[in-house]
Structures are given as C-alpha cells and as structure tokens.
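Before any comments, here is the structure.
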Amino acid sequence: ASDSEEKDLVIIGGGVAGYVAAIKAGQAGLKVACIEKRGSLGGTCLNVGCIPSKSLLNNSHLYHQILHDTKQRGIEVEGVSVNLKQMMKAKETSVSGLTKGIEFLFKKNNVEYIKGTGAFQDEHTVAVNLIDGGETTVRAKNIFISTGSEATPFPGLTIDEKKVITSTGAIALQEVPKKMVVIGGGIIGLEMGSVWSRLGAEVTVVEFLGQIGGPGMDAEIAKMTQKMLTKQGMKFKLNTKVTAGDDSGEGVKVNVEAAKGGKEEVLDADVVLVAIGRRPYTAGLGLDNIGLETDERGRIVIDQEYRTKIPHIRAIGDVTFGPMLAHKAEEEAVAAVEYLTKGYGHVNYGAIPSVMYTHPEVAWVGQNEQELKAAGVKYKVGTFPFSANSRAKTNLDTEGIVKFISDANTDRILGIHIVGPNAGEMIAEGTLALEYGASSEGKADHSSNRLEKREADRAADVARTSHAHPTLSEAFKEAAMATYDKAIHY
Ligand code: FAD
Ligand code: NAI
C-alpha cells in the first residue's frame, strides 16, 4: 500500500517509545508511518504492562481495604466477595479506551498506522508482513527502532501463561491460585504478587539479592517495604536462588537454595510467576541485513543522539540502554524526534523517577544511600515519618517515610526516597527539584566556601517552600528540613 511514497520517518514498534515519536513527528509536519504487529497501539505498557497492572492493583487494593480496613472507620460491610471476571473486564475497558485513544491521536496528527511485523530489507527499506495478510514495503529517509522488550525466561521452566507465567499471564489469571511462587522480588514480582496476595493467594517471593525491589531501591526503604508487605500476608525468601523447576506434574515444583550455596528446599505452587527481569526484543527484525549488532545484553547500541552506527537509524525505549520505564521511553521519543528536526534534544537520565505501585507505594528519584556510599560522596539524610503527618493520620494511613539525601557540602539534593501513601504522585515534586538542581534548604550560610555557597544559593529551596496544610506533601517538606535542622512535627 505504501510502496510508492518515501516517508521522512518510519517507526518500527508502536509502544510508548514508538507512538510518542510518531505523534511528535506528525506534529512537526514529517511524513511518518508507524508499524505495529500487535494489532493494538501502546505496546507492553498499555496492553500488558503499566495500565492493566495498575487497574488490578487499584481494584485489588480496594477489595483488600474493604475486607481489612473499614471497621475502625465506622463502616460496616458484609458479604464482600471478588468477581474476578468483572475485575478483568474493568481492566480491559481501561486498556481498550487508552489504546483506541492513540489510534485517534495518530489520525489527528497524520500518522500512517501500518498493522504488521516490520523487518529491515536494507538501510532505507522495511518489509512489512501485514496482519491482514500480504506484504508491503516502506521506504524512509529515517527509521526509528522501538521494538521494546520481553520477559526473560527461566531456564528449565516452560512459560505457558497459565501455570508458569510472566507478567502477561499474571494480569489475566482466571482464578485466584492457592499457592503462588514468584521468582524475583523486583517491581513486577512485588506488584503482581501484591495483587494475587490481596485476592487470597498464598504468595512466596524468592529473591536472589539481600533486598527486595531491585538494586535501585534504597536499602532502608526496601527493608521497611518488605515489613509492610509481610504484614499484608506476603512471604519472602531473600538471599535465595531458584536452581531448578519442574512443571511436568499438576502443579509446579521449584527448587531453591541459599544464594551462597547450602540449604536446599522444594516449594510447591499452583502457579509460578517468573519475574527476573526483561530483555530487549529484536527477534525477526532483520538487523543482520543492515549489519547492526546488539551488545552482550541484546541492547541496540546508540550514541547520545540515539543514532546507531547507521546515522539515519535510531533506537529508543526498552530496546536500548537505560531503565525500562514508560516515561523514559516517552522522553527519548520526544528527544529523538527533536534531534532529527531541530538538531538538539534533552533527557536527564539522573532525574527519571521510579514508582512501585504497591500499597503503600514506593517512589524514588536520584541516588540511594548505598550508591552514594560506594561512590564515596559525603551526604546528609533527613527523614520524616507519615505517622507524624496530619493528613496521613486523618486518613488512618500512616505507614512509611520520606527520606531526603543532600550533598553534605552544597546541600544540593542527591536523592529522594519515599514509601508511603501517594508516594508516586509526591515524587513528581522531588523530580522537579532534582531537575532544577534544587537543594534541601537552599541557604548556604553554613558553608565558608564561596563556590559552594553560590551553587547552593542559586538553587531553589524545598524546605522553605510553603506546602498546603493538611497534605501528605508536608511530610516531603519536613524531610527536607530534617537534612539541616530539626523537623517541626517530629
Ligand atoms: P514496548 O512497549 O514493548 O513496545 C514495543 C512494541 O513494538 C510492541 O507493541 C511490539 O508488539 C512491537 N514490535 C516489536 N517488534 C516489532 C516488529 N518487528 N514489527 C512491528 N512491531 C514490533 N513502566 C512504567 O514506567 N510504569 C509502570 O507502571 C510500568 N508497569 C509495567 C508493568 C508490567 C507488567 C510490565 C511488563 C512493564 C511495565 N512497565 C512500566 C515498563 C513499560 O511497559 C516499558 O518500559 C514500556 O512499554 C517501553 O516502551 P517501548 O515502546 O520501548 O516498548
Ligand atoms: P527487576 O529487574 O525489577 O527485578 C528482577 C529481580 O529478580 C531482581 O531483584 C533480581 O535480583 C531477581 N532475580 C534475578 N534472577 C533471579 C533468580 N534466579 N532467582 C531469584 N531472583 C532472581 O525485573 P522485573 O520485576 O521482572 O521487571 C522488569 C522491568 O519492568 C523493571 O525493571 C521495570 O523496568 C519494568 N516495570 C516497571 C514497573 C513500574 O514502573 N511500576 C512495573 C513493572 C515493571
């Protein structure tokens, strides 16, 4: 269909990276086409990732709260039960509303949507195997690769998305399993483990490292979070590795042993969730045809402007370096199109927030204590517990803390870590502060070094900014205060 006209830009993969780039390019007046093989736009995030998982997290939390947290609020409820079919339907409604919304935005911005699987024929031509049958080729001056990522499989266990599942199966189970073993205590393991634990499954998380949440999470915050999730009923085996699995019987057997070797144990489960990370996806893309290689972790190698070694071919999102997050993919998409159309773009990789949508939520931006220690940076810490925050107390939702880490000399903010109610919304203020080079207080009286003083004076002050009362964000302000002085309410 598109053989005749050459495009300014063709994008392979219509996930967050690809669809945002397509819209941005359309807005800039480029002739653009986006190839997507799924039959639906929005990629992993909208179809089987961010959106469906948050729908289930929200509704399973409501259910759990109604079961366990209404009496003290003066609300008597009876006969509460889960209608899993309806919960899944609510999830599907959110997903289809959003993915169709992107099709509408494509039309609005003159983006051609090609439904099919794309593969490089040569450096300027992509062959597309169309979903509706047949083939076509598209020629383009520029090509973006945004083919995303896939779940890393666990050797010895065959994923059937029913008994041995990835996150894709975990958002679509048709009944609540009795026993679920989760391999990997990272973000997917904890979010999806939370969902099924709240709905009644006995969930055991096996994690190789000595902390949950993956290496980015501050160790102190991870420890507190683990306590809270344990209280909710989840079980954890840290410093433990899965050595083998057997899915030949009715259920699944999982062999685990201490990470450093030693004690062995066999765990029985109805369902095993494999959540040991994701890897870039480039299968069938024909990279060989154009001589493009991936690194040892399967990532497409790019320069600062997202260019591969073939300069008119760029790669963005999960398929290349950096954290595998939707908002990171989105930033890169905008920047890559701007590099193309204007010659410059901006992504600050030091200020990309992370949020884990459990209850309470965990959110952070910048560096954590263990990273700063390893780098030998001198820092100071201020914390404030939600148990001393008026709004959290009013809401009877007081678990968690805000933790500020600032440079010991300049007061500049290095990292902000929150576990607590609405942490995911609150971290936006921290991200803005970090992006602006703000400091906790912003006054450098305590420094005798003129350069340091100027550095700190230039910056904005979190602790000296008025925060509305009563809000959870006052805990944020008071944690900033606690880095150089005492908090008022604690
Ligand atoms: P993808 O979204 O994976 O999109 C790539 C698209 O390319 C896919 O639709 C695929 O079908 C298509 N494709 C691949 N090869 C071809 C080809 N040859 N031809 C045509 N099309 C092709 N991130 C967050 O920031 N917040 C969250 O809350 C969050 N929750 C998540 C929950 C889960 C369960 C999972 C798995 C991930 C979650 N993520 C979250 C991560 C987020 O989904 C990804 O970072 C994001 O989707 C990356 O976008 P992308 O466009 O690079 O890749
Ligand atoms: P992850 O990298 O977050 O966590 C994987 C965990 O598995 C690590 O803690 C690792 O130590 C552990 N592990 C690895 N091999 C193991 C083994 N053999 N035995 C026991 N433990 C083992 O990966 P995850 O949770 O699969 O998520 C993938 C990515 O998806 C995330 O890194 C994130 O980028 C994205 N995501 C983001 C979400 C969000 O932003 N809220 C939600 C879900 C996913």
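The values are calculated or read from the model by the stated rules, or taken from the named source; none is laboratory data. Owing to the predicted nature of the structure, the values given are computational and were not obtained by experimental measurement. Here the Cβ is made from the backbone with ideal geometry for all residues, glycine too, and neighbour counts use every protein chain on show. Ligands, DNA and RNA are stripped out before the accessible areas are found, and what is left, the full protein with its side chains, is counted by its heavy atoms. Shrake-Rupley method; radii C 1.70, N 1.55, O 1.52, S 1.80 Å.
Do you know which residues across the stretch 264-294 are in a loop (DSSP other than H, G, I, E, B) and within 15 Å of ligand 2 (Cβ to nearest atom)? Spell out how you get there, then give the answer.
Restricting attention to the stretch 264-294, the residues satisfying the condition of being in a loop (DSSP other than H, G, I, E, B) are 270, 275-277, 281-286, 291-293.
Once the filter is applied, which keeps residues that are in a loop (DSSP other than H, G, I, E, B) and within 15 Å of ligand 2 (Cβ to nearest atom), the stretch 264-294 yields Ala275, Ile276, Gly277, Tyr281.
Every residue in the stretch 278-303 that is open to solvent by less than 40 Å² (accessible area, probe 1.4 Å) and either within 16 Å of ligand 1 (Cβ to nearest atom) or not charged (D, E, K, R) (or both), please. Let's see the steps before the verdict.
Step one: filter the stretch 278-303 for residues open to solvent by less than 40 Å² (accessible area, probe 1.4 Å), giving 280, 282, 285-287, 290-292, 295, 298, 300, 302.
Answer for the stretch 278-303, where residues must be open to solvent by less than 40 Å² (accessible area, probe 1.4 Å) and either within 16 Å of ligand 1 (Cβ to nearest atom) or not charged (D, E, K, R) (or both): Pro280, Thr282, Leu285, Gly286, Leu287, Ile290, Gly291, Leu292, Gly298, Ile300, Ile302.
Quickly run through the stretch 206-234 and pick out the residues that are part of a loop (DSSP other than H, G, I, E, B), closer than 21 Å to Gln370 by Cα and more than 16 Å from ligand 1 (Cβ to nearest atom). Talk me through it step by step, then tell me what you get.
From the stretch 206-234, those part of a loop (DSSP other than H, G, I, E, B) are 207-218, 232-234; that's our starting set.
Subset that is closer than 21 Å to Gln370 by Cα: 207-218.
Answer for the stretch 206-234, where residues must be part of a loop (DSSP other than H, G, I, E, B), closer than 21 Å to Gln370 by Cα and more than 16 Å from ligand 1 (Cβ to nearest atom): Glu207, Phe208, Leu209, Gly210, Gln211, Ile212, Pro215, Asp218.
Which of (1) open to solvent by less than 10 Å² (accessible area, probe 1.4 Å); (2) under 24 Å from Glu264 (Cα atoms); (3) within 16 Å of ligand 1 (Cβ to nearest atom) is the odd one out, the single condition Val195 does not satisfy?
(2)
Mind listing whichever residues of the stretch 1-23 are open to solvent by 10 Å² or more (accessible area, probe 1.4 Å) and over 21 Å from the mean Cα position of the chain (by Cα)?
Ala1, Asp3, Ser4, Glu5, Glu6, Asp8, Ile23
Residues being away from ligand 1 (no atom under 15 Å from the Cβ), hydroxyl-bearing (Ser, Thr, Tyr) and not in a loop (DSSP other than H, G, I, E, B): count how many of those fall in the stretch 45-82.
Narrowing the stretch 45-82 to residues away from ligand 1 (no atom under 15 Å from the Cβ): 59, 62-82.
Next cut, hydroxyl-bearing (Ser, Thr, Tyr) only: 63, 70, 81.
Add one more test, that the residue is not in a loop (DSSP other than H, G, I, E, B), and what stays is 63.
Within the stretch 45-82, residues that are away from ligand 1 (no atom under 15 Å from the Cβ), hydroxyl-bearing (Ser, Thr, Tyr) and not in a loop (DSSP other than H, G, I, E, B) number 1.
Which residue pairs have Cβ atoms under 9 Å apart, sit 6 or more places apart or on different chains, and have a first residue in the stretch 379-391 that is under 16 Å from Gly430 (Cβ atoms) and touching a residue at least 40 places away in the same chain (Cβ under 8 Å) and a second that is among the basic types (Lys, Arg) and buried (at least 19 other Cβ atoms within 10 Å of the Cβ)?
Here the result reads Val381/Lys403; Gly382/Lys403; Thr383/Lys403; Phe384/Lys403; Phe384/Lys477, each pair linking the stretch 379-391 to a residue that is among the basic types (Lys, Arg) and buried (at least 19 other Cβ atoms within 10 Å of the Cβ).
Does the stretch 227-254 hold any residues that are within 13 Å of ligand 2 (Cβ to nearest atom) and either at pLDDT 95 or above or among the aliphatic types (A, V, I, L, M) (or both), and which are they?
Within the stretch 227-254, the first condition is being within 13 Å of ligand 2 (Cβ to nearest atom), and the residues that meet it are 236-245, 254.
Answer for the stretch 227-254, where residues must be within 13 Å of ligand 2 (Cβ to nearest atom) and either at pLDDT 95 or above or among the aliphatic types (A, V, I, L, M) (or both): Phe236, Lys237, Leu238, Asn239, Thr240, Val242, Ala244, Val254.
Could you go through the stretch 142-149 and let me know if any residue there is away from ligand 1 (no atom under 13 Å from the Cβ) and out of contact with any Cys (no Cβ under 8 Å at 6 or more places or on another chain).
If we filter the stretch 142-149 for residues that are away from ligand 1 (no atom under 13 Å from the Cβ), which is where we start, we get 142.
Those left that are additionally out of contact with any Cys (no Cβ under 8 Å at 6 or more places or on another chain): 142.
Taking every residue of the stretch 142-149 in turn, at least one turns out to be away from ligand 1 (no atom under 13 Å from the Cβ) and out of contact with any Cys (no Cβ under 8 Å at 6 or more places or on another chain).
What pairs come up if the first residue lies in the stretch 158-185 and is free of Cβ contacts under 8 Å to residues at least 40 places away in the same chain, the second is open to solvent by less than 10 Å² (accessible area, probe 1.4 Å) and in a loop (DSSP other than H, G, I, E, B), and their beta carbons are under 9 Å apart, counting only those six or more places apart or on different chains?
Matching pairs, first to second residue: none at all.
Which of the residues that make up the stretch 146-170 are over 26 Å from Ile300 (Cα atoms) and open to solvent by 10 Å² or more (accessible area, probe 1.4 Å)? If you could, list the steps in order and put the result at the bottom.
To start, the set of residues in the stretch 146-170 that are over 26 Å from Ile300 (Cα atoms) comprises 156-158, 160-165, 169-170.
Answer for the stretch 146-170, where residues must be over 26 Å from Ile300 (Cα atoms) and open to solvent by 10 Å² or more (accessible area, probe 1.4 Å): Gly156, Leu157, Thr158, Asp160, Glu161, Lys162, Lys163.
What's the total number of residues in the stretch 333-351 that are within 15 Å of Gly437 (Cα to Cα) and either aliphatic (A, V, I, L, M) or at pLDDT below 95 (or both)?
Filtering the stretch 333-351 down to residues within 15 Å of Gly437 (Cα to Cα) leaves 347-351.
Retained after the next criterion (residues that are either aliphatic (A, V, I, L, M) or at pLDDT below 95 (or both)): 347, 351.
So the answer is 2.
Exactly one of (1) within 12 Å of ligand 1 (Cβ to nearest atom); (2) open to solvent by less than 60 Å² (accessible area, probe 1.4 Å); (3) free of Cβ contacts under 8 Å to residues at least 60 places away in the same chain is unmet by Val347. Its number?
So Val347 meets the others, but not (1).
Using the structure shown, decide if Glu207 is buried (at least 24 other Cβ atoms within 10 Å of the Cβ), without any contact (Cβ under 8 Å) to a residue 40 or more places away in the chain and either acidic (Asp, Glu) or within 16 Å of ligand 2 (Cβ to nearest atom) (or both). Can you show your working first?
Numbers: buried (at least 24 other Cβ atoms within 10 Å of the Cβ): yes; without any contact (Cβ under 8 Å) to a residue 40 or more places away in the chain: yes; either acidic (Asp, Glu) or within 16 Å of ligand 2 (Cβ to nearest atom) (or both): yes.
When the stated conditions are applied, Glu207 passes them.
Regarding the stretch 340-347, can at least one residue be identified that is within 26 Å of Gly186 (Cα to Cα) and not acidic (Asp, Glu)? Spell out the reasoning first.
Filtering the stretch 340-347 down to residues within 26 Å of Gly186 (Cα to Cα) leaves 347.
If we keep only those that are not acidic (Asp, Glu) too, we end up with 347.
There is at least one residue in the stretch 340-347 that is within 26 Å of Gly186 (Cα to Cα) and not acidic (Asp, Glu).
Starting from the stretch 263-278, keep only residues that are touching a residue at least 60 places away in the same chain (Cβ under 8 Å) and among the β-branched types (Val, Ile, Thr), then list their pairs with residues that are open to solvent by 70 Å² or more (accessible area, probe 1.4 Å) and within 8 Å of ligand 2 (Cβ to nearest atom) whose Cβ atoms are within a distance under 9 Å, requiring at least 6 positions of separation or different chains.
Between residues of the stretch 263-278 that are touching a residue at least 60 places away in the same chain (Cβ under 8 Å) and among the β-branched types (Val, Ile, Thr) and residues that are open to solvent by 70 Å² or more (accessible area, probe 1.4 Å) and within 8 Å of ligand 2 (Cβ to nearest atom), the close pairs are Ile276/Phe208.
Are there any pairs, at least 6 apart or on different chains, whose C-beta atoms fall under 6 Å, with the first in the stretch 236-249 and within 18 Å of Pro215 (Cβ to Cβ) and without any contact (Cβ under 8 Å) to a residue 40 or more places away in the chain and the second open to solvent by 40 Å² or more (accessible area, probe 1.4 Å) and of a type outside the set (S, T, N, Q), and if so, which?
Once the first residue is within 18 Å of Pro215 (Cβ to Cβ) and without any contact (Cβ under 8 Å) to a residue 40 or more places away in the chain and sits in the stretch 236-249, its partners that are open to solvent by 40 Å² or more (accessible area, probe 1.4 Å) and of a type outside the set (S, T, N, Q) give Asn239/Gly210; Lys241/Phe208.
Can you pull out the residues in the stretch 24-44 that are outside any loop (DSSP other than H, G, I, E, B) and either at pLDDT below 95 or open to solvent by 20 Å² or more (accessible area, probe 1.4 Å) (or both)?
Within the stretch 24-44, the subset outside any loop (DSSP other than H, G, I, E, B) is 24-27, 32-36, 43-44.
Result: Lys24, Gln27, Thr44.
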